[in-house]
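*Asks:* Dropping a structure here in structure tokens format, bear with me for questions.
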Amino acid sequence: MPELPEVEVTRLSFADRIAGARILSARLGKPLRWALGVDPATLAGRTVRGVRRRGKYLLVDLGPDAGAGLLLLHLGMSGSLAFADAHPAPGPHDHFDLATSRGVLRLNDPRRFGAVVWAPAEDAPEAVKLLGRLGVEPLGPDFDPQAFHAGLRQRQAPIKQVLLAGDLVVGVGNIYASEALFLAGIHPATRASRISLARATRLHAAVRDVLARAVQKGGSTLRDFSNAFGESGYFQLEAMVYDRAGQPCRVCGAAVRRMVQGQRATYYCTGCQK
Ligand SMILES: [Zn+2]
């Protein structure tokens, strides 16, 4: 499943190239998770002002003026975007094409949990429904240790699940939550409200570190990025604990353990995480 780093790397792969482009046409394939919400023909003639990211959504700002609205793209479980001068004829899993004067942006999504939604503005109900409850951006300036700690103090759930919930800090998926908790030395079942400021500060740094490294690693493969993501997650970090149950911890040598929290697998080391 594309996580925040993959979505950010996707954004970096085409944002500069599509900015300023004029939309020629939009083509829809099979229904996605949510409907586009506008006649695709009306997008023709608008321009692409830029591409931002909020959580795992890409926000394609349309112009020429702000009233042209924006497109919110989500990759769901299996989606990938490719931007190229031209694409082959759409295959059975190509469900959205945005043809522009600079190239064609194509969404391929075999499982169709992804979506492309038009909204007249970022504060319009269509957008607020998707973005309104997202926590702060983990790589942005609003994610700071004190506010993070204050948010943790109000939450009784296990820290791993608080990270995944996304309403305190957004976009920390299953892999990155496990890895950040390992780096911070925090047991994933620890009640969030009991985490001290010092430990919250370590976790804050660890979250930023794992996500930033993943973006960086993905960014270095941008050259090969024009077609799709590697389904193998080829820029996944060398994991310390994730998916390593039974293997020796890279720090202390104890066997990495696996448990299930909220139906998601969590990996951790009892030697390193208290
Ligand atoms: Zn260990």
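The values are calculated or read from the model by the stated rules, or taken from the named source; none is laboratory data. Computed from a predicted model, the values in this text were never measured in an experiment. Reconstructed Cβ throughout: ideal geometry from the backbone, glycine too, with neighbour counts over all protein chains shown. Heads up: the accessible areas ignore ligands, DNA and RNA and are worked out on the full protein's heavy atoms, side chains in. Shrake-Rupley method; radii C 1.70, N 1.55, O 1.52, S 1.80 Å.
*Asks:* Compare the peptides 103-109, 51-57, 15-21 by average per-residue count of other Cβ atoms within 10 angstrom and give them in order, highest first.
*Replies:* Working: 103-109: 23.0, 51-57: 19.7, 15-21: 16.4.
So the peptides 103-109, 51-57, 15-21, ranked by packing, come out 103-109, 51-57, 15-21.
*Asks:* In what sequence, highest mean first, do 181-187, 164-170, 144-150 appear when ranked by Cβ atoms within 10 angstrom? The partial results should precede the final answer.
*Replies:* Details: 181-187: 21.7, 164-170: 19.0, 144-150: 15.4.
My ranking of the peptides, most packed first, is 181-187, 164-170, 144-150.
*Asks:* Can you order the peptides 207-218, 253-264 by their average number of other Cβ atoms within 10 Å per residue, highest first?
*Replies:* Details: 207-218: 19.4, 253-264: 13.5.
Listed from highest to lowest mean packing, they are 207-218, 253-264.
*Asks:* Keeping all protein chains in place, calculate the accessible area per residue for the stretch 1-133 (probe 1.4 angstrom), answer in Å². Before the final figure, lay out the partial values.
*Replies:* Values: 5760 Å² over 133 residues.
In whole numbers, the stretch 1-133 has 43 Å² accessible per residue.
*Asks:* Rounded to whole Å and ordered largest first, report the semi-axes of the equivalent ellipsoid of the stretch 116-208 derived from its Cα gyration tensor (root of 5λ). Write down the numbers at each step before the final one.
*Replies:* Working: eigenvalues 140, 32, 29 Å².
Over the Cα atoms of the stretch 116-208, the semi-axes work out to 26, 13, 12 Å.
*Asks:* For the stretch 107-163 and the stretch 1-33, what is the separation of their C-alpha centers, rounded to whole Å?
*Replies:* If you average the Cα positions of each part, the centres end up 19 Å apart.
*Asks:* Continuing with the same structure: When the helices in the chain are scored as -39500 (n - 2.57) per DSSP H run of 4 or longer and the sum is shared across all residues, what 222 nm value do you end up with, to the nearest 500 deg cm²/dmol? Write out the running numbers ahead of the final one.
*Replies:* Values: 6 runs with 72 residues, N = 274.
Computed ellipticity for the chain at 222 nm equals -8000 deg cm²/dmol.
*Asks:* List the lysines whose Cα sits under 24 Å from the Cα of Lys30, skipping any in the same chain fewer than 8 residues away.
*Replies:* Lys30 reaches Lys56, Lys129.
*Asks:* Run the accessible area of the chain with a 1.4 Å probe and give the carbon-and-sulfur part as a rounded percent.
*Replies:* Details: 6380 of 12430 Å².
C and S atoms contribute 51 percent here.
*Asks:* Longest segment of the chain with no GluC sites (Glu not before Pro) in a DSSP loop having at most 16 other Cβ atoms within 10 Å? Don't skip to the answer; put the middle values down first.
*Replies:* Working: sites that count: Glu231, Glu238.
Result for the longest clean stretch: 1-230.
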